[in-house]
Number of protein chains: 2
Amino acid sequence: MSKNKDVLGEEQSGPLMADVAKLAGVAISTVSRALANPGRVNEKTRQKIDAAAKQLGYTPNAMARGLRVGKSNIIMIVLPGSLYYGASQVIPQVLQSINKSLIQGGYNLMIANLDRDEASERHILDLAFGGTVRGAIILSSKLPEVDGRSLASAGLPIVSMLLDMSEVGLPSVVTNDREAIREATNDLLGLGHRRFLYLAGPQENYHDVERFAGVIEALRAAGLPESAVVRSGGLLDYQQGFNIGLAAADDFAALGDKPTAVIATSDDMAISFMSRIQSMGLKIPEDLSIVSFDGSPVCAFCSPPLSTIEQPMEEMGQTAVALLLSAIDRTDEPRQLRNVIRSRLIVRESMATPKV
Amino acid sequence: MSKNKDVLGEEQSGPLMADVAKLAGVAISTVSRALANPGRVNEKTRQKIDAAAKQLGYTPNAMARGLRVGKSNIIMIVLPGSLYYGASQVIPQVLQSINKSLIQGGYNLMIANLDRDEASERHILDLAFGGTVRGAIILSSKLPEVDGRSLASAGLPIVSMLLDMSEVGLPSVVTNDREAIREATNDLLGLGHRRFLYLAGPQENYHDVERFAGVIEALRAAGLPESAVVRSGGLLDYQQGFNIGLAAADDFAALGDKPTAVIATSDDMAISFMSRIQSMGLKIPEDLSIVSFDGSPVCAFCSPPLSTIEQPMEEMGQTAVALLLSAIDRTDEPRQLRNVIRSRLIVRESMATPKV
DNA sequence: CGATTCATAGCAAACGTTTGCCAAAAACCG
DNA sequence: CGGTTTTTGGCAAACGTTTGCTATGAATCG
């Protein structure tokens, strides 16, 4: 029974299932079944129980249930510690979309930051192995692994988002980065551009590899050599987008044979690049065309409005959740590992025919 | 014992405390104490147990512990469903800061979206009354309340952030909105401005009230009438910031006696306003000065770079967590209810002396 | 009408910890 | 060296559910 002893300092614990049972005049197990298994109990008894529960303001204890059934209803999202700042709204969008989908499925979302330190890895592993979470969606390239325990071997369903990890067996939801940027490059080629500046993210990064490959593919197809594109950046993290853009503008200024079009791998880079370039007296798009990646809403209000490749975060989030839940339910439909959601180039005024 | 029966289809559950106990040759209760209460057990036994635990890769089950001790280690953050999009990084910053502080205190962060529908309220209440969460940080103005149950009466420590709810008894962490914007207005007055346009958020909103009051206070102190400021907007949510800015630009164009300075209550508004104003042929800051609120990093790269009031989210998050944890620990230091973290105006080139 | 099924409800044993209480052993003291 | 305190370890009872099994009564059928 509810042990509200009215003793000051005692933690109050709300009404228990036993209280509901007593009030409804049935056994505790019947209450349990009435609340969870609507079919298993007589409609009349069920109504009596529902009424009693409502009257008492009964809410079942999630941990007790979790312990008993051996499952939690919490999903964790593993975010790299540094994914924040800039202009992009990817993270909030992802969180919102995922949370919404999860809740519809009866799950809750827990945030876990994966930094470079061992403590954060250990923490995530504790969450996984300690039964706190039921599954994970990761936006990080490496899986936590520390003294013997690895997230991969925790027996949890895992889905990777944004990064393609299908090669290590993880269901992944990604966009067609490569293709999207290839088409953007094609558009620039079509406008007459022949020399490009590419603002790179971290060298080894999946996205950077994919995106640069997209540029190269477009150049090849147009019969241009790889030397038609100059790389700038490649050392700093995407979090440093603004700084990458600034540095790239300086690189540009120092360049002999000037490119006429810039392909930036994030909106942050593009925005700060434009800002500095314009303060050097160059005009966009007259002197220089520019296109970037991320689809930040603010791009529409840059001067000039910035062409950017928009990633459908809403849809990606939904897909990731769908994959995860189907893995949880062992709905062993042979889901494909690599799920591609198409990105979309939003064309704005930052692209034009080159001057010369 | 670990019941890995090697039966296909059985959920694997990792090693149990009983397994560790057996391996170490002690009782299960000793293991529990060794792991949690380092003092209560002989150092030698403790080492033996630690070794056994590590060898087995043992991780204690969080739900079992939670059930037993009657407490969870999860904190939920209640976000209004619409706080996303735009240019501001407040939400990600808040999440990161809060999560970091929480983890240091041994807690985890769960996300809860509070929309306008009853379902989301019910969901949050279930989390609270079902014992899933131990406390809440809310960024929303109303507390969920549905058929009898109210978040306020869930017996959970709650801290409000960004919105001052100290008047209803909730410890709150806020910035000095009013003062900050008063000073910004003062700066504009000092530059010689005498007519202002104010871009408002939703009318009844706490922030809008505070911020507008700040403007008025500054005007009064300078001996100007309230009519020196024209309001625009006031109907749409902050989420609609870009649209508010656009509409305000049109309002401005239609105005007879033109203001020379604009005070925007979010960066989004300011950015889209500037964009449209400039496309009308007006120069900023020559024809029109502008200052806004939020401290979005991207403001530094607008043209011209935008003056904005930066809210110290990192510090606010830390403070909110500190308040919450001290409430949980019943460290009944009579913490003050209203905690103000000072915002800071970042002056950039969008402010200048008026032309005439 | 007796035998067999079916629907419904109850008992009690889990789930994996923590912790109050007691016993044994060790340490200390006069 | 006996008695007293202190340390250490173990037993078993919680925590609040779910669920397999069983018992009861009602319903069905031959």
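May I ask you to list the residues in the range A:337-356 that are assigned to a loop (DSSP other than H, G, I, E, B) and closer than 30 Å to residue A:157 by Cβ?
A:337, A:342, A:343
Look at residue A:175 and say whether it is farther than 30 Å from residue A:152 by Cα and not aliphatic (A, V, I, L, M).
Criteria not met by residue A:175.
Taking the range A:100-126, which residues are more than 7 Å from chain B (Cβ to nearest Cβ), among the hydrophobic types (A, V, I, L, M, F, W, C) and outside any strand (DSSP E or B)?
Listed by number, the residues that qualify are A:102, A:119, A:124, A:125.
Could you tell me whether residue B:284 is touching a residue at least 12 places away in the same chain (Cβ under 8 Å), among the aliphatic types (A, V, I, L, M) and surrounded by fewer than 16 Cβ atoms within 10 Å (Cβ to Cβ)?
Here the answer is no, as residue B:284 does not meet what is asked.
For residue A:155, are the conditions met, namely being over 20 Å from residue B:92 (Cβ atoms), assigned to a loop (DSSP other than H, G, I, E, B), within 16 Å of DNA strand C (Cβ to nearest atom) and not assigned by TED's automatic domain parsing to the domain that holds residue A:270?
yes
Taking the stated definitions as given, is residue A:19 within 11 Å of DNA strand D (Cβ to nearest atom), acidic (Asp, Glu) and within 14 Å of another protein chain (Cβ to nearest Cβ)?
Yes; evaluated as a whole, the condition is true for this residue.
Only one of A:24, A:53, A:18 is surrounded by 18 or more Cβ atoms within 10 Å (Cβ to Cβ) and within 13 Å of DNA strand C (Cβ to nearest atom); which?
On inspection, the qualifying residue turns out to be A:24.
What number of residues within the range B:86-99 satisfy the criterion of being assigned to a helix (DSSP H, G or I) and at positive phi?
Final tally of qualifying residues: 0.
Are any of the residues in the range A:320-334 surrounded by 16 or more Cβ atoms within 10 Å (Cβ to Cβ) and within 13 Å of chain B (Cβ to nearest Cβ)?
yes
Would you mention how many residues in the range B:286-310 are within 14 Å of another protein chain (Cβ to nearest Cβ) and within 22 Å of the chain's Cα centre (by Cα)? Walk me through it before giving the result.
Within the range B:286-310, the subset within 14 Å of another protein chain (Cβ to nearest Cβ) is B:290, B:292, B:294-306, B:308, B:310.
Going one step further and asking which of them are within 22 Å of the chain's Cα centre (by Cα), we end up with B:292, B:294-299, B:308, B:310.
Number satisfying all stated conditions: 9.
Among (1) away from DNA strand D (no atom under 16 Å from the Cβ); (2) at the interface with chain B (Cβ under 9 Å from one of its Cβ atoms), which single condition is residue A:70 missing?
(1) is the only condition that residue A:70 fails.
Does the range A:318-332 contain at least one residue that is assigned to a strand (DSSP E or B) and either without any contact (Cβ under 8 Å) to a residue 60 or more places away in the chain or not polar (S, T, N, Q) (or both)?
There is no residue in the range A:318-332 that is assigned to a strand (DSSP E or B) and either without any contact (Cβ under 8 Å) to a residue 60 or more places away in the chain or not polar (S, T, N, Q) (or both).
Mind checking which residues of the range B:141-192 are surrounded by 23 or more Cβ atoms within 10 Å (Cβ to Cβ), away from chain A (no Cβ under 14 Å) and among the small types (Gly, Ala, Ser)?
Selection gives B:160, B:172, B:184.
Report every pair of residues separated by at least 6 positions or lying on different chains whose Cβ atoms are under 6 Å apart, first residue within the range A:46-57 and within 12 Å of residue B:147 (Cβ to Cβ) and of a type outside the set (Asp, Glu), second within 14 Å of DNA strand C (Cβ to nearest atom) and not in a helix (DSSP H, G or I).
Cβ pairs passing all conditions: none.
Which of the residues spanning the range B:229-247 are buried (at least 20 other Cβ atoms within 10 Å of the Cβ) and at negative phi? Show your work before the answer.
Restricting attention to the range B:229-247, the residues satisfying the condition of being buried (at least 20 other Cβ atoms within 10 Å of the Cβ) are B:229, B:232-233, B:238, B:240-242, B:244-245, B:247.
Listed by number, the residues that qualify are B:229, B:232, B:238, B:240, B:241, B:242, B:244, B:245, B:247.
Check the range B:174-194 and report whether any residue there is closer than 20 Å to residue B:327 by Cβ and modelled with pLDDT of 95 or more. Talk me through it step by step, then tell me what you get.
Initial filter on the range B:174-194 (closer than 20 Å to residue B:327 by Cβ): B:174.
Add one more test, that the residue is modelled with pLDDT of 95 or more, and what stays is B:174.
Yes, because at least one residue in the range B:174-194 is closer than 20 Å to residue B:327 by Cβ and modelled with pLDDT of 95 or more.
Can you pull out every residue in the range A:73-99 that is at pLDDT below 95, over 9 Å from the mean Cα position of the chain (by Cα) and more than 7 Å from chain B (Cβ to nearest Cβ)?
A:80, A:81, A:82, A:83, A:88, listed by residue number.
Which of the following residues is crowded, with 16+ Cβ neighbours inside 10 Å, within 12 Å of chain B (Cβ to nearest Cβ), of a type in the set (A, V, I, L, M) and near DNA strand C (Cβ under 8 Å from one of its atoms): A:34, A:64?
Just one listed residue meets the conditions, A:64.
The values are calculated or read from the model by the stated rules, or taken from the named source; none is laboratory data. All values reported here derive from a predicted model rather than from experimental measurement. Please note: Cβ atoms are built from the backbone with ideal geometry, for glycine as well, and neighbour counts cover all protein chains shown.
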